[in-house]
Structure formats: structure tokens, C-alpha cells
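A.B. asks: Here it is, the structure in full.
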Amino acid sequence: MIYLDNAATSHPKPEAVYRAADAALRAGGSPGRGGHTLALAAGRQVMRAREAVARLFGLADPARAVFTASATEALNLALKGLLRPGDHVITTRAEHNALRRPLAALERQGVAVTWLPVDERGLLDPAAVRSALRPATRLIATHHGSNVSGALQPIAELGEIARRAGVFLLVDAAQTAGVYPIHMGRMGIHLLAAAGHKGLLGPQGTGLLLVDAAVDLRPIREGGTGAHSAQLDQPAVFPEGFESGTLNVPGIAGLAAGVGFLVETTPERIRCRELELAGALLDGLRGRPGVKVYGPERPEQRTGVVSFNIAGMDPGEVEELLDERFGVIGRAGLHCNPGAHEALGSLALGGAMRLSPGYFTTERDIEEAIRGVAELAGH
Ligand SMILES: Cc1ncc(COP(=O)(O)O)c(C=O)c1O
């Protein structure tokens with residue numbers, strides 16, 4: 001099997017991730033649930049994981065690294081915990097449903113939203129963001145890397161715009177955390193949402209929201225926090241006030257091991273490797289008669305995500321045939337992001353076929369995938 005669906009979830013994981021998740025599951029104990037040996041050990045393990053992710057993304061206070069079940073949950077917490085009716089938000093029309101839907105729900109409750117277009121390559125123009133600022137603007141919210149076009153948005157420039165305007169910047173880094181160097185302080189990011197199970201190489205069921213000290217966030221879920229238990233109102237205390245319910249300790253332990261692997265390898269090297277692989281894939285697909293490849297031309301403007309269509313074929317059929325005939329696993333359709341497909345011109349085609357290499361992909365995998373697409377395209 002040739003796994004090229006790392007944009008959905010990375011596979012395989014480093015060996016250390018399997019070992020850490022297994023060990024945590026066997027160890028037992030939940031942080032904040034009792035003062036016994038097992039609970040304390042689990043608490044220390046989760047604290048070390050917080051420190052590791054805070055360090056990786058340049059967040060000064062590790063207590064403000066909140067563990068969630070997914071990037072979706074992190075984005076819901078960021079948007080619903082920050083915004084109130086009357087606030088204005090600037091975002092794009094090419095957001096994943098994880099950001100688009102909670103924001104649309106808030107719009108129905110009185111939050112004003114400017115949905116800016118991205119161009120036919122999937123890129124957002126920072127000048128359009130500057131022009132959309134209003135006195136009521138509270139937040140700029142955008143993806144970093146597109147899960148459809150692979151386009152990388154100019155986050156540092158948006159951070160500078162946000163800083164000058166005195167508004168917050170929320171970044172959906174589901175596609176870039178772990179595969180692209182991100183530093184919240186240096187890039188001007190106030191809220192960073194990430195999946196734990198993609199580029200960070202952790203297990204499914206993990207995600208993160210990192211919150212800068214300047215942001216006054218409200219919890220959006222009430223429940224047990226393991227501390228402040230006599231209080232009726234949900235405590236807005238980092239991190240436990242935002243993590244009600246028993247934590248996914250095996251998942252977090254696996255995620256910490258994934259982050260350990262990344263730090264050792266360095267996000268810079270991972271980015272380089274991914275660009276090599278995506279570059280080879282793009283070179284092999286571009287210019288082939290009947291194959292339309294989407295996204296920016298220049299490698300520095302993209303992630304490892306490569307989406308394309310074959311003339312006359314439904315993307316779902318391409319997915320099925322690549323899997324059945326060549327053992328190549330990718331994902332077809334709208335990828336929970338109709339707006340991105342609209343910008344690329346692939347919405348009416350039922351979306352596109354997406355191949356996304358990861359750190360463990362080999363050159364041979366890429367060659368096989370290209371051979372498969374070439375055969376399906378009839379050459
Ligand atoms: C850009 C983007 N945002 C958000 C998400 C949601 O991530 P999760 O499945 O961890 O909620 C994804 C996952 O596909 C994504 O690609």
C-alpha cells in the first residue's frame with residue numbers, strides 16, 4: 001500500500017508514538033483525578049507534553065496550551081470562546097468546515113463576518129485583509145496551509161496587520177503544524193489551532209489550541225476540572241477550565257512522542273523533505289495531457305498537498321481506481337472545503353483527487369502514484 005493521505009491523518013507514526021500511547025494506556029491514571037501516585041504521574045506526563053508543544057510553537061506559558069480532541073474542537077473553542085455579537089471577523093471563503101461552520105453559526109448569532117475570496121491558486125491577498133478592517137474588527141481568522149490547494153497563506157504579514165490594527169489573529173494550522181516552522185510570537189499569532197494527528201504525528205483524537213497571554217478566552221464547555229470543584233460556575237482557568245472531562249492521556253502521550261520526533265528531526269528538515277516529494281509529484285503530473293493540477297506554482301507558496309483532476313473522470317472514480325489497481329491511497333471529493341474548490345474551479349467537478357505525501361513517503365511511492373495517474377489518464 002502506498003499511503004498518500006497524510007493531509008487527512010499522518011500514517012505511519014514514528015515507533016516512539018505507538019510505544020508512548022501503549023505505555024500510557026497501561027500505566028493508567030488521569031491528571032487532576034485524585035492525588036494518588038498514578039494521577040500525579042499522568043499529570044506530570046501531560047504537563048511535559050504541554051511544555052513540549054508550547055516550546056515548539058513559541059508560546060511563553062505552557063499552561064495556555066489546551067489539549068482538545070481535534071483541530072475542529074480547538075477552532076470551536078477559539079471562535080466561540082472569544083467572539084460576542086457585534087464583533088467583526090475577517091476570514092476567507094476557502095476555510096475548512098472546521099472554521100467555516102462555527103463562524104457561520106456565530107454569524108447567525110450577530111457576529112459580523114467578512115468572507116474574503118482567495119485567488120484561483122488559493123492564495124489570500126493581505127491587502128484585502130487590510131481594507132476589510134473596521135472599528136469593530138476583533139479577529140482575523142484564516143487557515144495557514146490549504147487542505148485542498150496546498151496554498152500557504154502569508155501569516156507573518158497578517159500578524160503584522162493584526163498587530164498594527166490591535167486585533168487578534170487566529171490561525172488554523174491543521175495542515176502546517178509540524179511540517180512548517182511556526183513561531184507564534186515571531187509570526188504575530190494570538191490563537192493557534194492544530195490537529196495532533198497530522199503533521200505533529202500523534203494519534204487520532206488529539207488536537208491543540210495555543211492561546212497568547214493577551215487573549216481573554218471564555219470556556220465553551222462546562223464540567224469537572226479536577227480543581228475549583230466547589231464552585232458552580234465554570235472556572236476560566238488555564239488549562240483545566242478549558243479541558244473539562246477526563247483527558248485523552250494515551251493520545252497526549254503519543255502526541256508528545258510525535259513532537260519529540262519532530263524536534264529531533266526539525267520542522268525545517270521535514271519541510272524540506274515534503275517539498276522534495278511534493279515537487280517530484282507536481283513535476284510528474286503537471287503538463288500531462290488531460291491532467292489538471294491545482295494550487296500555486298511556486299514551491300515556497302505551498303505545502304505537500306497536491307490536488308488534481310483527470311479530464312472526463314469523476315474524482316471519486318480516480319480515488320477508487322488508484323486504490324484498487326495501484327494500491328495508492330488518497331482522498332477525493334470536496335475535502336470539507338467547498339469554498340476552496342470554488343476558487344480553484346473544481347466545485348462543479350465534484351472536487352478533486354488529493355495526494356499528500358508525508359515524512360515517511362519514499363521516491364518510489366511518488367513514482368508509483370505518477371504511473372497510476374498517467375495510466376488512468378490514458379498515457
Ligand atoms: C485546514 C484544516 N482545518 C481543520 C481540519 C480539522 O481537523 P480535525 O480533523 O483534527 O478536526 C482539517 C482536517 O482535515 C484541515 O485540513
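A.B. asks: So, restricting to helices (runs of 4 or more DSSP H) that lie completely within segment 2-93, which ones have at least 3 residues that are over 30 Å from residue 328 (Cβ atoms) and within 16 Å of the ligand (Cβ to nearest atom)?
C.D. replies: Of the helices (runs of 4 or more DSSP H) lying wholly inside segment 2-93, those with at least 3 residues that are over 30 Å from residue 328 (Cβ atoms) and within 16 Å of the ligand (Cβ to nearest atom) span 71-82.
A.B. asks: A further question follows. Looking at segment 237-278 only, could you name the residues that are out of contact with any strand residue (DSSP E or B) (no Cβ under 8 Å at 6 or more places or on another chain), assigned to a loop (DSSP other than H, G, I, E, B) and under 18 Å from residue 31 (Cα atoms)?
C.D. replies: Matches in segment 237-278: 237, 244, 245, 246.
A.B. asks: Sticking with this structure for a sec: Can you tell me which residue within segment 160-185, out of those that are out of contact with any helix residue (DSSP H, G or I) (no Cβ under 7 Å at 6 or more places or on another chain) and over 26 Å from residue 252 (Cα atoms), is nearest to the ligand (Cβ to nearest atom)?
C.D. replies: Looking at the filtered set, the residue picked out is 162.
A.B. asks: May I ask you to verify whether residue 324 is surrounded by fewer than 16 Cβ atoms within 10 Å (Cβ to Cβ), away from the ligand (no atom under 16 Å from the Cβ) and under 24 Å from residue 11 (Cα atoms)?
C.D. replies: For residue 324, the condition - surrounded by fewer than 16 Cβ atoms within 10 Å (Cβ to Cβ), away from the ligand (no atom under 16 Å from the Cβ) and under 24 Å from residue 11 (Cα atoms) - is met.
A.B. asks: Tell me, yes or no, whether segment 351-372 has at least one residue that is assigned to a helix (DSSP H, G or I), of a type outside the set (Ser, Thr, Tyr), away from the ligand (no atom under 16 Å from the Cβ) and touching a Gly at 6+ places or on another chain (Cβ under 6 Å). Talk me through it step by step, then tell me what you get.
C.D. replies: Of the residues in segment 351-372, the ones assigned to a helix (DSSP H, G or I) are 363-372.
So of that shortlist, the ones also of a type outside the set (Ser, Thr, Tyr) come out as 363-372.
Still in the running and away from the ligand (no atom under 16 Å from the Cβ): 363-372.
From what's left, touching a Gly at 6+ places or on another chain (Cβ under 6 Å): 370.
Yes, there is a match, as at least one residue in segment 351-372 is assigned to a helix (DSSP H, G or I), of a type outside the set (Ser, Thr, Tyr), away from the ligand (no atom under 16 Å from the Cβ) and touching a Gly at 6+ places or on another chain (Cβ under 6 Å).
A.B. asks: Now a separate question. Any idea which of 179, 211 is within 18 Å of residue 146 (Cβ to Cβ) and either surrounded by 24 or more Cβ atoms within 10 Å (Cβ to Cβ) or of a type in the set (Gly, Ala, Ser) (or both)?
C.D. replies: Just a single option satisfies the conditions, and that option is 179.
A.B. asks: Also: Every residue in segment 3-35 that is at pLDDT below 95 and on the phi < 0 side of the Ramachandran plot, please.
C.D. replies: 30, 31, 33, 35
A.B. asks: Okay, moving on. Considering 120, 107, which residue is away from the ligand (no atom under 11 Å from the Cβ), over 28 Å from residue 11 (Cα atoms) and in a helix (DSSP H, G or I)?
C.D. replies: Residue meeting the stated conditions: 107.
A.B. asks: Next question. What residue, of 221, 186, is within 22 Å of the chain's Cα centre (by Cα), closer than 28 Å to residue 84 by Cβ, surrounded by fewer than 23 Cβ atoms within 10 Å (Cβ to Cβ) and assigned by TED's automatic domain parsing to the domain that holds residue 141?
C.D. replies: Just one listed residue meets the conditions, 221.
A.B. asks: With the requirement that a residue be more than 14 Å from the ligand (Cβ to nearest atom) and touching a helix residue (DSSP H, G or I) at 6+ places or on another chain (Cβ under 6 Å), what does segment 190-225 give you?
C.D. replies: Listed by number, the residues that qualify are 210, 211, 217, 218, 219, 220, 225.
A.B. asks: Inside segment 11-50, can you point out the residues that are β-branched (Val, Ile, Thr) and either touching a strand residue (DSSP E or B) at 6+ places or on another chain (Cβ under 7 Å) or under 21 Å from residue 241 (Cα atoms) (or both)?
C.D. replies: Let us first name the residues in segment 11-50 that are β-branched (Val, Ile, Thr), namely 17, 37, 46.
Hit for segment 11-50 is 46, nothing else.
The values are calculated or read from the model by the stated rules, or taken from the named source; none is laboratory data. From a predicted model like this one, the values you see are computed outputs, not experimental measurements. Neighbour counts run over all protein chains shown; Cβ positions are idealised from the backbone, glycine included.
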